[in-house]
Amino acid sequence: QVQLVESGGGLVQVGGSLRLSCAASGSIFSMYAMGWYRQAPGKQRELVAAATSGAGTNYADSVKGRFTISRDNAKNTVYLQMNSLKPEDTAVYYCNAVYGIKSYWGQGTQVTVSS
């Protein structure tokens with residue numbers, strides 16, 4: 001069982017930045033594929049960014065060039081650096097860990113971008 005705890009959400013103005021963190025329990029963090037998803041009110045949850053257990057990353061088109069996912073395997077933590085935030089980035093952001101057929105979710109952290 002893996003527990004994921006997100007932090008770093010909050011209220012920010014348009015054009016501002018936030019860094020989300022997701023701390024994971026367990027001893028094989030480096031083997032997990034990690035992802036950040038978000039869900040806005042009335043919308044489906046969508047993938048924002050993902051980092052493989054290697055060095056691969058991928059991003060939703062809507063955040064390319066603005067968001068960066070990174071991981072620190074020594075700290076069992078994955079980050080999402082969000083720059084140039086827009087009102088449409090407002091959502092609950094969830095951390096996800098995948099290992100084989102197992103998928104784990106954090107509780108989510110709210111990000112609100114005000115104009």
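The values are calculated or read from the model by the stated rules, or taken from the named source; none is laboratory data. Everything numeric in this text was worked out from a predicted model, so none of it was measured. Reconstructed Cβ throughout: ideal geometry from the backbone, glycine too, with neighbour counts over all protein chains shown. To get the accessible areas, we keep the full protein, side chains included, count just its heavy atoms, and leave off ligands, DNA and RNA. Shrake-Rupley method; radii C 1.70, N 1.55, O 1.52, S 1.80 Å.
For region 1-16, residues that are among the small types (Gly, Ala, Ser) and either under 21 Å from Gly100 (Cα atoms) or surrounded by fewer than 12 Cβ atoms within 10 Å (Cβ to Cβ) (or both) total 1. All conditions in (1) at pLDDT 95 or above; (2) of a type in the set (S, T, N, Q); (3) open to solvent by less than 60 Å² (accessible area, probe 1.4 Å) hold for Gln44, with the sole exception of (3). Residues in region 94-112 that are under 13 Å from Tyr32 (Cβ atoms), assigned to a loop (DSSP other than H, G, I, E, B) and open to solvent by 50 Å² or more (accessible area, probe 1.4 Å): Gly100, Ile101. The number of residues in region 21-41 that are farther than 13 Å from Asp72 by Cα and modelled with pLDDT of 95 or more comes to 6. Within region 50-69, count every residue that is open to solvent by less than 50 Å² (accessible area, probe 1.4 Å), within 19 Å of Gly9 (Cα to Cα) and outside any loop (DSSP other than H, G, I, E, B). Total meeting the criteria: 4.
Filtering region 17-49 to residues that are out of contact with any helix residue (DSSP H, G or I) (no Cβ under 8 Å at 6 or more places or on another chain), in a strand (DSSP E or B) and free of Cβ contacts under 8 Å to residues at least 40 places away in the same chain leaves Glu46, Leu47.
Could you grab me the full set of residues in region 92-115 that are on the phi > 0 side of the Ramachandran plot and more than 11 Å from the chain's Cα centre (by Cα)? Answer for region 92-115, where residues must be on the phi > 0 side of the Ramachandran plot and more than 11 Å from the chain's Cα centre (by Cα): just Gly100.
Residues that are under 15 Å from Thr109 (Cα atoms), of a type in the set (S, T, N, Q) and in a loop (DSSP other than H, G, I, E, B) within region 1-16 comprise just one, Gln3. Any residue at all in region 73-89 that's open to solvent by less than 40 Å² (accessible area, probe 1.4 Å), touching a strand residue (DSSP E or B) at 6+ places or on another chain (Cβ under 7 Å), part of a loop (DSSP other than H, G, I, E, B) and of a type outside the set (Ser, Thr, Tyr)? Within region 73-89, one or more residues are open to solvent by less than 40 Å² (accessible area, probe 1.4 Å), touching a strand residue (DSSP E or B) at 6+ places or on another chain (Cβ under 7 Å), part of a loop (DSSP other than H, G, I, E, B) and of a type outside the set (Ser, Thr, Tyr).
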